[in-house]
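Scroll down for the structure; my scribbles are underneath it.
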Number of protein chains: 2
Amino acid sequence: MNDTNVIYIGQKPMMNYVLAAVKRLEEGGSSVLIQARGRSISKAVDVALITMDRAKGELRMGDINIVTEVLPGVDGNPLNVSSIRISLSRP
Amino acid sequence: MNDTNVIYIGQKPMMNYVLAAVKRLEEGGSSVLIQARGRSISKAVDVALITMDRAKGELRMGDINIVTEVLPGVDGNPLNVSSIRISLSRP
């Protein structure tokens, strides 16, 4: 997995990320990894499913991983945040 | 998968669902299926990871599935909603 193929889901509108994923794949990438933390996880699932739908059968849903990431909090205490990684690849 | 072992994630505080999942497992269930739609998906991931953490190694993360569900919308038109199912089971 080339790091340039990771799509980090943030605060932008959902379709921005769908179009980014489609573009990476059209430019010859064999896979994309859709990654999100916290409340953006729901959006990541939407992005993955809509990207799959747009690909009309040319993409395969790969592994979906969820893990707790420990980030430095604003007050210096560690902060536990859920994260998801959804892999989409050409068959 | 017995249907009574499905935990549907809704608007209640997250820990309600964690405690429900732990209770089902303590009552002898061999697995729980954590299920959510739309914006509750992020909460479902939190519930799964915290339930895993509480189980201190006694649970195994099973399959994670995401699908688009087509629901009847308020205006009668079909509504596409993302959904997730996370399976946790005893090894």
Loop-only check: which GluC sites (Glu not before Pro) in region B:18-91 are DSSP coil with at most 12 other Cβ within 10 angstrom? B:Glu27, B:Glu58
Cross-link reach list, lysines versus A:Lys43, counting only Cα pairs under 24 Å and skipping chain neighbours closer than eight places: A:Lys12, A:Lys23, A:Lys56, B:Lys12, B:Lys43
Against the longest alpha carbon principal axis of chain B, how many degrees, from 0 to 90 and to the nearest 10, is the axis of helix B:14-26 turned? 50
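Once you have the alpha carbon radius of gyration of region A:3-89, what is it after dividing by 2.2 N^0.38 Å, with N set to its residue count? Please list the in-between numbers first.
Values: Rg = 13.7 Å, N = 87, 2.2 N^0.38 = 12.0 Å.
Compactness ratio reported: 1.14.
Within region B:43-83, which trypsin sites (Lys or Arg not before Pro) sit in a loop by DSSP and count at most 13 neighbouring Cβ atoms inside 10 Å? Let's see the in-between values first.
Details: sites: B:Lys43, B:Arg54, B:Lys56, B:Arg60; in loops: B:Lys56.
Of the trypsin sites (Lys or Arg not before Pro), the ones in loops of region B:43-83 whose Cβ has at most 13 other Cβ atoms within 10 Å are B:Lys56.
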Residues with amide H under 5 Å from that of B:Arg60, placed H, sequence gap 5 or more: B:Ser89, B:Arg90
A:Leu19 to A:Glu69: FRET efficiency via 1/(1 + (r/R0)^6), r the Cβ-Cβ distance, R0 22 Å, to the nearest 0.05? 0.25
For chain A, the longest principal axis of the Cα atoms and the Cα long axis of helix A:40-54 enclose an angle in degrees, to the nearest 10, of 0
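Every number here is computed from the coordinates shown, using simple stated rules; none is lab data. Computed from a prediction, not measured in an experiment: that's the story for all the values here. Please note: Cβ atoms are built from the backbone with ideal geometry, for glycine as well, and neighbour counts cover all protein chains shown.
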